[in-house]
Amino acid sequence: MTFDVSKVRAAYPALTDGYAYLDGAAGTQLPDAVIDAISAAYRGGLGNAGGAFPASGRSDAITAECRAAVADLTGGDAGGVILGPNMTTLTFRLANALAASWGPGDEVVVTRLDHDANVRPWVCAAARTGAAVRWADVDLPAGELPAAQFGELVSERTRLVAVTAASNVLGTRPDVTAITAIARAAGALSYVDGVHATPHGPTDVRALGADFYATSAYKWSGPHIGAVIADPALLDSIRPDKVVPAPDTVPERFEQGTPPYADLAGVTAAVDHLAALGDAASGTRRERLLAAMTAAQEHEAQLAAVLLGGLAAMPHVTTYGQARDRTATAYFNVAGRTPRQVAEHLAARRINVWDGDNYAWELTGALGIRDTGSAVRAGLVHYNDREDVDRLLAAVAELAA
Ligand SMILES: Cc1ncc(COP(=O)(O)O)c(C=O)c1O
């Protein structure tokens, strides 16, 4: 399969502004097809759901198509795709609903590798119900999350294990399949944060063994929409808070209020855009997605080797994380500069990077860098090219004392 990055880049109007967009891990740009789908939905006339007139039917169809698209992207069941404003909101919502049956003597397991959005909802829910929290630790400096420790942490008291499919700063991809298997064997549920992982390779929620898998479309060329994918039968057993007249069906029961239908049309267009990366011409959308995301992963891995190798070779740069399996994400500091100063230096050279903890709160604390501005993150996605990487390396090289 070919991966013509210049063709991919041509689909993104924002990429023509002369900036190197290395901030993809915080949010990606949108291709024309997604922008057009959003505006076409509004232009076509939308109504609220479930009405007797065609504009309402269009909104219902958009929602159904969006669930099907997210299911194709993740390998889940469209009937178990919960849509919402973002991963954080959905995770607090699910934590509230799941914790309704927790009490003293119960336990939840969270990790110090995770973004706080897959930590605090569970910690808060545990505190409210009297359940105990057990922490999985990161092996530093490697940045691995050893799966074996879950054998010690998980017991018949465990109600839920929350773990990320990839760290949003170190890029570490833990052995989620092994971790969810340990949870399942103990009768616990698993909640897998796929927000950082989903854009960086093929996803199969069944192979991961995830009872819940969360993702956010704005990390993979879509608008600001989050989704949680679960088995509809599991969702059927959970009773979230809801207004009485709203549908009590699954997954609608988990969705509060009126969704942004036009954005849901944009999510579908983003999935279709991903399916076309790498020119996979034949097969079902799911098959094309698997091939395209594999091609995107290989493209990112080639660039990441240059990026990470280049940073590691600079004596004035400290890089964090050396996980065996990781996304194309670099987290680093420059001697004598704060992360913000580095980001400002790069911004002056038209290079977008993030500085700070990026909400990897526990991890930056464990690394001992949280109180000093944490670090700089350069996150590659499928539309980045060698020139982006070379520009970053040249600009960081200028900061040698
Ligand atoms: C790994 C990870 N999890 C969760 C989140 C939170 O996602 P959202 O912004 O959709 O709430 C982010 C956002 O950066 C993330 O990178």
Item to check | Gain in span if fully extended, A401 to Q322, counting 0.36 nm per residue against the direct Cα distance | outcome: 25.9 nm
Next on the checklist: Apply the a/c threshold of 1.5 to the C-alpha gyration tensor of segment 319-384 and tell me whether it is rounded, prolate or oblate.
Outcome noted: oblate
Next on the checklist: What distance in nm separates the two pseudo spin-label positions at T177 and Q302, each 7 Å out from Cα along the beta-carbon direction?
Outcome noted: 2.7 nm
Item to check | segment 213-306: relative contact order in percent, alpha carbon pairs under 8 Å with at least 6 residues between | outcome: 21 percent
Item to check | Per residue accessible area in Å² of segment 244-298, where ligands, DNA and RNA are left out and the probe is 1.4 Å | outcome: 43 Å²
Item to check | Top of R239, R112, R288 by mean-square fluctuation, Gaussian network on the chain, Cα under 10 Å | outcome: R239
Checklist outcome for this item: Counting only DSSP beta bridges fully inside the chain, the antiparallel percentage to nearest 5 is 50 percent
Item to check | Cα-only Debye scattering, segment 111-255: base-10 log of I(q)/I(0) at q = 0.09, 0.17, 0.21 Å⁻¹ | outcome: -0.29, -1.03, -1.47
Next on the checklist: Filter the chain for me: DSSP H helices, axial length by Cα at least 18 angstrom, mean Kyte-Doolittle hydropathy not below -1.0. List them by residue number.
Outcome noted: 54-74, 261-276, 285-312
Checklist entry - Out of L308, T63, V389, whose Cα points farthest toward the positive end of the dipole of the chain (charges: +1 Lys, Arg; -1 Asp, Glu; placed on Cβ)? => result T63
Checklist entry - Between R386 and C124, what FRET efficiency comes out of the Förster formula 1/(1 + (r/R0)^6) with R0 = 35 Å and r the beta carbon distance, rounded to 0.05? => result 0.20
Checklist entry - From the Cα gyration tensor of segment 50-190, with a ≥ b ≥ c the square roots of its eigenvalues, which class applies: rounded if a/c is under 1.5, or else prolate if a/b is larger than b/c, or else oblate? => result prolate
Checklist entry - Once every DSSP H run of n ≥ 4 in the chain is given -39500 (n - 2.57) and the sum is divided by its residues, what mean residue ellipticity at 222 nm do you get, rounded to the nearest 500 deg cm²/dmol? => result -12000 deg cm²/dmol
Checklist entry - Label point 7 Å out from R340 along Cα-to-Cβ: which residues of segment 370-386 have amide N under 20 Å? => result 370-378
Item to check | Euclidean distance between Cα centres, segment 301-325 to segment 66-111, Å | outcome: 33 Å
Checklist entry - Most mobile of Y331, Y21, Y359 per a Gaussian network model of the chain (Cα springs, under 10 Å)? => result Y359
Checklist entry - Of the heavy-atom accessible surface of segment 1-100 (probe 1.4 angstrom), what whole percent is carbon and sulfur? => result 58 percent
Checklist outcome for this item: Expected unfolding gain across A312-D204 under the 0.36 nm per residue rule, minus the alpha-carbon gap, is 35.6 nm
Item to check | Length-normalised contact order for segment 265-340 - Cα pairs under 8 Å, 6+ apart - percent | outcome: 20 percent
Checklist entry - Dividing the Cα radius of gyration by the Kirkwood radius, what Rg/Rh value follows for segment 188-230? => result 0.97
Item to check | Residues listed by number, segment 36-74, amide nitrogen under 11 Å from T258 label point at 7 Å toward C-beta | outcome: 46-49
Checklist entry - Taking the Cα centre of the chain as origin and charging only Cβ (+1 Lys, Arg; -1 Asp, Glu), how large is the dipole, in debye to the nearest 20? => result 340 debye
Next on the checklist: When the expected Rg is taken as 2.2 N^0.38 Å, what fraction or multiple of it is the alpha-carbon Rg of segment 242-384?
Outcome noted: 1.40
Checklist entry - For the chain, what is the convex hull volume of the alpha-carbon atoms per residue, in Å³? => result 133 Å³
Checklist outcome for this item: By the Cα gyration tensor axes a ≥ b ≥ c (a/c under 1.5 gives rounded; else a/b larger than b/c gives prolate, otherwise oblate), the shape of segment 162-226 is prolate
Checklist outcome for this item: Env charge @ Q322, Cβ radius under 15 Å, K,R +1 / D,E -1, value 0
Next on the checklist: What does the extension gain come out to for E152 and K7, with contour length at 0.36 nm per residue minus their alpha carbon separation?
Outcome noted: 47.3 nm
Checklist outcome for this item: For segment 122-264, the accessible surface attributable to carbon and sulfur atoms (probe 1.4 angstrom, ligands and nucleic acids excluded) amounts in percent to 54 percent
Item to check | Dipole of segment 73-220 [Lys/Arg +1, Asp/Glu -1 at C-beta], most positive-end residue of A95, H196, A166 | outcome: A95
Item to check | Residues of segment 99-122 with amide N under 18 Å of a point placed 7 Å along Cα→Cβ from W135 | outcome: 107-122
Checklist outcome for this item: Mean separation of Cα contacts under 8 Å (at least 6 apart) over the residue count of the chain, i.e. the relative contact order in percent, is 24 percent
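The values are calculated or read from the model by the stated rules, or taken from the named source; none is laboratory data. Since this is a predicted model, take the numbers as computed values, not measurements. Glycine also receives a Cβ, built like all others from the backbone with ideal geometry; neighbour counts cover every protein chain displayed. Accessible surface is based on the protein model in full, side chains and every heavy atom, while ligands, DNA and RNA are left aside. Shrake-Rupley method; radii C 1.70, N 1.55, O 1.52, S 1.80 Å.
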